[in-house]
Every structure is written in structure tokens, then in C-alpha cells.
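Below: one structure, written as C-alpha cells.
The values are calculated or read from the model by the stated rules, or taken from the named source; none is laboratory data. Only a predicted model underlies this, so the values are computations on that prediction, with no experimental measurement involved. Every residue, glycine as well, gets a Cβ built from its backbone with ideal geometry; the counts of neighbours run over all protein chains shown. These accessible areas exclude ligands, DNA and RNA; they are computed on the full protein's heavy atoms, side chains included. Shrake-Rupley method; radii C 1.70, N 1.55, O 1.52, S 1.80 Å.
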Amino acid sequence: YRLRWNNVVYEPGELKVVAYDANGNKAAEETVRTAGAPVKMKLEADRKVIRADGDDIAFVTVSLLDKDGNEVPTATDELLFSVEGKGKFKAACNGDATSLEPFTEPRMKLFSGKLVVLVQSITKKGTMTLKVTDKSRNMVAKIKIKTC
């Protein structure tokens, strides 16, 4: 499951991959661009409304972006998490199998430029706000999730 080019020299730019099916029709296309320095944070929730049953969880993916909106896959910044309102911080995971950081602490380092924060409902309806802080870059981002 790996491709390897021994004679390819790295240079910044754009890499575009196009996959074709057995009939020669385009089946998929993906483009990645070299990222610059991180300047903002992106938070994406798997859903914006969860049940106010004390058990439901939303998964929020956090990544850093450069000035052109490209994700920065080399970012390893430590992020801090807090939740206000009708919910609570549950856990965070960055996907790094070698990381010894505890999932239940409200802080974690990015791995390959990303991590996921889990926020959990309480038994009261309303709105919770997840706040993610990157102290090293003086960046803060927030996302609201409703509990119904």
C-alpha cells in the first residue's frame, strides 16, 4: 500500500493524483499543496446538535491552517481545551500510537497537524462552547454545539 519514488526531489508546490476505474473513467481526484506557517485554527464537529442525555458525544476535529487555508501537516503544537455551557470535555486523541499523553487531560499535542476533541452532553438542554487554545501561537478558536 505504498508508492515510492527514489529519484523525486522535494520542492514546494502542488501534487495532484487522479484515479481511474477499469473503464478509464475518472473515479477520484485529490490535490495537496505545500503549507506555509500556521495562522489560524479550524474546528469541525461531526454534528452540531447532540442529545441532552448526559451520554451523547460530538467529535470535533482540530487542525491548523496557513494563510491560504491549507492544513499544516507538520504542526505539533500543544492545544488546551475548555467547555462552557451545557456540556463538558470528555477526551482528546491525536492518533499518535507512540504518544503517552493521557486522553482525559484537557491538553494534547497535534499529530500530523490534527487531533480530535470529544465533548459530552449533560442532562440539561442548551448550548455548549468548546474553546481550543494554542498558547504558542496566541490562537483561540471556538465552536458551539447544541444539546436537545
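Below, the figures for the structure above:
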read-out: 30 Å Cα-Cα threshold exceeded, pairs from Lys26/Lys109; Lys16/Lys114; Lys86/Lys109; value: Lys26/Lys109
read-out: Ranked order, Ser63, Ser136 - accessible area, probe 1.4 Å, largest first; value: Ser136, Ser63
read-out: Computed over segment 20-103, Kirkwood Rh from alpha-carbon pairs, angstrom; value: 16.3 Å
read-out: Alpha-carbon centroids, segment 106-148 and segment 17-59: separation in whole Å; value: 17 Å
read-out: Residues Thr98 and Ala22, FRET efficiency given R0 of 25 Å [Cβ-Cβ distance, rounded to 0.05]; value: 0.05
read-out: Alpha carbon convex hull of segment 77-148, volume per residue in cubic angstrom; value: 82 Å³
read-out: Exposure of Asp53 as accessible area (Å², to 10), given a probe of 1.4 Å and all protein chains; value: 60 Å²
read-out: Label assignment, Cα Rg over 2.2 N^0.38 Å derived from the structure, set (1) 1.37; (2) 0.95; (3) 1.26; value: (3)
read-out: Stretch in the chain that is longest and holds no chymotrypsin sites (Phe, Trp or Tyr not before Pro) that DSSP places in a loop and that have at most 15 other beta carbons within 10 Å; value: 11-102
read-out: Cut-off 9 Å between beta-carbons: net charge of the residues surrounding Leu64, Lys and Arg +1, Asp and Glu -1; value: 0
